[in-house]
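Visitor: One structure, pasted below without further comment.
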Amino acid sequence: MIPIEQFNALRPEDILRRKAGAEENVDAAVDAILSDVRARGDAALLEYAKKFDGAELGSVELSREEWDAAVARVDAAFLETLRQAAENIRAFHTRQVHKDFVITEHAGIVMGQRYTPIARVGICVPRSPVAFPSSVLMNAIPARIAGVEEIFMVTSPDKTGAISPEALAAAKVAGVDRIFKVGGAQGVAALAYGTETIPAVDKIVGPGGVFVAAAKRKVFGLVGIDMVAGPSEILVLADGGCDARCVAADMLSQAEHDTHAAAVLVTDSEPLARAVAAELERQLATLPRREIAQKSLEDNGRIIVTESLEAAVEAANQLAPEHLELCVAEPFALLPRVRNAGSIFLGRSAPEALGDYFAGPNHTLPTGGTARFSSPLSVDDFVKKSSFLYYTREALGKAAPRIADFARREGLEAHARSVLSRSEDD
């Protein structure tokens, strides 16, 4: 079912092979949805709720009464889990907050940089089969820490028009302000353009399927976005001392997301490679989402055998995975060699699911090899940087000849004059 390949026999383009979602053409459908929501607002959203979700909605906004009633149905044990997870996420992300700085080292000159939060943010929360409370926490908490004034959440309702109580409890714990029963590309459109009920936001964040990803890409520029995320992926880098059961379980934890997810094992142990391949077959037999996971492994799963752990790290750097597990005896020895990964899980007791739900680092991560140049969602995604500078007339006079010369060498005489006019004697 899942191929076992030798690293030395693979070309670079084979290492980077990614099938996930490449064949899907959704642009025309997304363009139509974006245009429709922009033109008809709430009326379009209500029609899409009926068409895509089977829900007859009276309003696209979740009322406070609905919200409170749903949260009241969540059991106390899970509420405590949400609170502990939120505490861990806050503790991690609070350390990401930057401080303004001011430079006054030269007479008559003041320069600096200040951080200001984005005013209004919209969070997309996928429903598969229910809205994910983990995504609510991971997106809303950094926004709140950054100082965002208004946080909106959009997610598809079920056929009764309801949203999962667990997701609503997470929204309450995380500090979401308003919730709208809108998902997919139409949710992105509503956040980007605004409707009668939903105010337009300044930035849209959060995961979703190919329709959400395409919609976010298309509205970028009118609003900001966090990233265009693709299907989930995991690379388990394991040595011969690993338990094949654990490695297979970790690979399946991503394969069960959807048929486009990618699960890869890279190891320097041929016996472990064979044991994991067999274990995947055994565990699939009892997995509730077996058909999805099996299709994912058949299309995108791989087991790659290398001559050494150093070569395994190089393979991982070429793949630049969303999630990288260093399931080895000495993970901290390999960590400095890792250049490209969204989130790194160290050792044999740190499964990827730990990061999905509870530990603290963000689980909204770069996919599709984009970890080569991009980073996990963070507080930085919810703030803007502005530089500022002040010169006295005397300070400007000292610099003016050089600035004017610089401007004239670029053929911009007005630039030169704008500086010289302020530094010349009256």
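The values are calculated or read from the model by the stated rules, or taken from the named source; none is laboratory data. Note that this is a predicted model, so its numbers are computed, not measured. Counting neighbours? That spans all protein chains shown, and the Cβs are built from the backbone with ideal geometry, glycine included. These area figures cover heavy atoms from the full protein model, side chains too; ligands, DNA and RNA do not enter into them. Shrake-Rupley method; radii C 1.70, N 1.55, O 1.52, S 1.80 Å.
Visitor: When the helices in the chain are scored as -39500 (n - 2.57) per DSSP H run of 4 or longer and the sum is shared across all residues, what 222 nm value do you end up with, to the nearest 500 deg cm²/dmol?
Guide: -13000 deg cm²/dmol
Visitor: Report the local net charge at Gly175: Lys and Arg +1, Asp and Glu -1, summed over other residues whose C-beta lies under 15 Å from its C-beta.
Guide: Every neighbour counted, the sum reads +3.
Visitor: Follow-up question, since we're still on this one. Rounded if a/c is under 1.5, else prolate if a/b is larger than b/c, else oblate: which is segment 235-322, with a ≥ b ≥ c the root eigenvalues of its Cα gyration tensor?
Guide: Since a/c reaches 1.5 but b/c is at least a/b, the shape of segment 235-322 is classed as oblate.
Visitor: Solvent-accessible area per residue for the chain at a 1.4 Å probe radius, Å²?
Guide: Normalised by residue count, the accessible surface of the chain is 48 Å².
Visitor: Distance in nm between label sites at Ala76 and Ala278, each 7 Å beyond Cα in the beta-carbon direction?
Guide: 4.8
Visitor: So, by mean Cβ neighbours within 10 angstrom, what's the order for 368-374, 188-194, 275-281 with the highest one leading?
Guide: Answer by packing, highest mean first, reads 188-194, 275-281, 368-374.
Visitor: Also: Would you mind telling me the share, in percent, of accessible area of the chain contributed by carbon and sulfur at probe 1.4 angstrom?
Guide: With neighbouring chains kept in place, the figure for the chain is 52 percent.
Visitor: Residue separation times 0.36 nm, minus the C-alpha to C-alpha distance between Asp31 and Ser375: what's the value?
Guide: Working it through step by step, the gained length comes to 121.0 nm.
Visitor: Of the DSSP beta bridges with both residues in the chain, give the percent that are antiparallel, rounding to the nearest 5.
Guide: So the antiparallel bridges amount to about 30 percent of the total.
Visitor: Around Lys50, under 15 Å between beta carbons, what's the net of Lys plus Arg minus Asp minus Glu among the other residues?
Guide: That sum, taken over residues with Cβ under 15 Å, equals -2.
Visitor: Please compare each pair in Lys216/Lys295; Lys51/Lys172; Lys181/Lys384; Lys99/Lys385 to a cut-off of 18 Å on the Cα-Cα distance and tell me which ones are over it.
Guide: Violating the 18 Å limit, Cα to Cα: Lys216/Lys295; Lys51/Lys172; Lys181/Lys384.
Visitor: Further, regarding this structure: Note the full-extension length gain between Arg114 and Asp299 as 0.36 nm times their separation in residues minus their Cα-Cα distance, in nm to one decimal.
Guide: Answer, rounded to one decimal: 61.9 nm.
Visitor: Something else about it: Highest first, please rank the peptides 298-307, 335-344, 415-424, 171-180 by the mean number of other Cβ atoms sitting within 10 Å of their residues.
Guide: Peptide ranking by packing, descending: 171-180, 298-307, 335-344, 415-424.
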